[in-house]
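The values are calculated or read from the model by the stated rules, or taken from the named source; none is laboratory data. Just so you know, these numbers come straight off a predicted model, no measurement behind them. Neighbour counts run over all protein chains shown; Cβ positions are idealised from the backbone, glycine included. What goes into the accessible areas is simple: the full protein's heavy atoms, side chains included, and nothing from ligands, DNA or RNA. Shrake-Rupley method; radii C 1.70, N 1.55, O 1.52, S 1.80 Å.
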Amino acid sequence: MVDTVCDSATPPESVHVLRDDDAGLNGIIVLHSTRRGPAAGGCRLWRYGDHAALVGDAMRLAEGMTYKNAMADLPLGGGKAVLNLPEGDFDRRRLFAAFGRAVARLEGDYVTAEDVGTSVADMEAVRGETRHVAGLPPRDGRPGGDPSPWTARGVFLAMEEAARRQLGSELKGLRVAVQGLGHVGSALCGMLHQAGARLIVAEPRPGIAAEIACRYDAEIMGRDSILDARCAIFAPCALGGVLDAENIRRLRASVVCGAANNVLATPEDGDRLVDRSILYAPDYVVNSGGIISVAGEYLGWSIDEVATRVHATGVRLGAVLSHAAQNGLAPHRAADALARARIVAAPAPAAAVREAA
Ligand code: NAD
């Protein structure tokens, strides 16, 4: 998996190579920015064709986290860990304990959590070695656990805002095409169904597709053909880089708003959406619910605080779209400009936040 990021890359503050052959650990941690606080971003476990692909993915994802955390107004910088999935059988606990020791060596400059390919159980193994980890089972009514439902809630609220602006409509009665029925996509379908939207779904696991279709009265389309779906909203909730020059020509939706990171293959693809009068809700503005939950868990917030911040996702998207309209910018470029302004305005790395954690 090689995700692409929306805008030109800025160099990371530091890159840490992880290698423990006995534990099967082979990867990197990228600290893109600690300017707003500890670099926070999940740990991805994926099989990469070569090391360059792994490094490229980690760099882009870490930078994306800097922007996402700034736009969500979190006292956190951006970082990411990317590990190569070992061949054959391996001891998962041992692998994540070794990863935990690597996180511990960074002494709070990096905070990890789940990402694609990693689970709550993996983060528990990390917790055995360091406290700089979130996404652990919730305790005493505090935030924690799988952050995906929060991500889905934020995407849903952003979609409401986008539909109001672009279509002058509520979600009720609109056709929404959801690509990918994993943790976020399936939760999003539940919320959309409850709001009265009509669902079209695509998912390579036929059993899951059938289950969601049955539960929410959804139409199933093929993985590729969902791009041609007659719908008001296209919600990419599977892979990054899904919209390129070729695919954008096929879209019939008026709005693109989904959970996937790095939806646009290149920044120019965001301009292509503008040319086609399709409103693009920038990915890292709308999919920050999960990292808000992770931040709340790490920084000791209440669930109410997390909920309040996630519920502001629609308002944050509205601010980005207004800034775009006022300045004649495409939404993805407006989001980048606002995020950069927040990052530059931050004081030196926030030691106070580290101590509070
Ligand atoms: P997931 O792995 O649980 O789900 C992804 C789903 O997409 C899987 O069901 C998979 O089978 C399906 N899929 C793969 N290729 C597909 C294709 N070509 N067409 C249709 N479906 C396809 O992941 P998730 O946690 O639901 O996250 C979804 C996306 O949102 C990812 O890009 C992730 O990086 C991003 N994201 C997730 C969170 C979170 O809280 N989980 C937060 C921010 C961003």
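Annotations for the structure displayed:
- If you model the range 214-357 as an ellipsoid using its alpha carbon gyration tensor, with each semi-axis the square root of five times an eigenvalue, the axes come out at 31, 21, 13 Å, biggest first.
- Convex hull volume of the C-alpha atoms in the range 12-136, normalised per residue: 89 Å³.
- Amide proton proximity set for A40, modelled H, under 5 Å, gap of 5+: G77, G78, G79, V111
- Highest-first packing order for the peptide set 204-214, 287-297, 225-235 is 287-297, 225-235, 204-214, based on the mean count of other beta carbon atoms within 10 Å.
- Packing rank of 51-57, 168-174, where each peptide gets the mean count of other beta carbons within 10 Å, highest leading: 51-57, 168-174
- Average projected area [Cα convex hull, the chain], square nanometres: 16.8
- Among A70, A337, A152: highest mean-square fluctuation, GNM of the chain, C-alpha pairs under 10 Å: A337
- With contributions of -39500 (n - 2.57) from each DSSP H run of at least four residues, the per-residue ellipticity at 222 nm computed over the chain stands at -14000 deg cm²/dmol.
- According to the Cα-based calculation, Rg over Rh for the range 105-243 is 1.05, with Rh computed by the Kirkwood formula.
- Kirkwood Rh in Å, taken over all unlike Cα pairs in the range 98-179: 15.3
- Within-14-Å neighbourhood charge of G318 [Cβ basis; K, R +1; D, E -1]: +1
- Computed from phi, the 3J(HN,Hα) profile of the range 192-197 under the Karplus parametrisation 6.51, -1.76, 1.60 (θ = phi - 60°) reads 5, 4, 4, 7, x, 6 Hz, with x in place of Gly and Pro.
- The antiparallel fraction among DSSP beta bridges confined to the range 9-137 stands at about 55%.
- Here the Debye sum runs over all C-alpha atoms of the range 259-322 as equal scatterers in vacuum, and log10 of I(q)/I(0) at q = 0.12, 0.15 Å⁻¹ comes out as -0.39, -0.56.
- Share, in percent, of DSSP beta bridges within the chain that are antiparallel, nearest 5: 35
- Taking the accessible area of the chain, probe 1.4 Å, and keeping the other protein chains in place, the carbon and sulfur fraction comes to 50%.
- Gap separating the Cα centres of the range 212-238 and the range 16-67, nearest whole Å: 32
- Close amide H pairs (under 5 Å, H built 1.01 Å from N) link R198 with G173, L174, R175, V176, residues at least 5 positions away or on another chain.
- Hydrodynamic radius of the range 11-51 per Kirkwood, over alpha carbon pairs, in Å: 11.9
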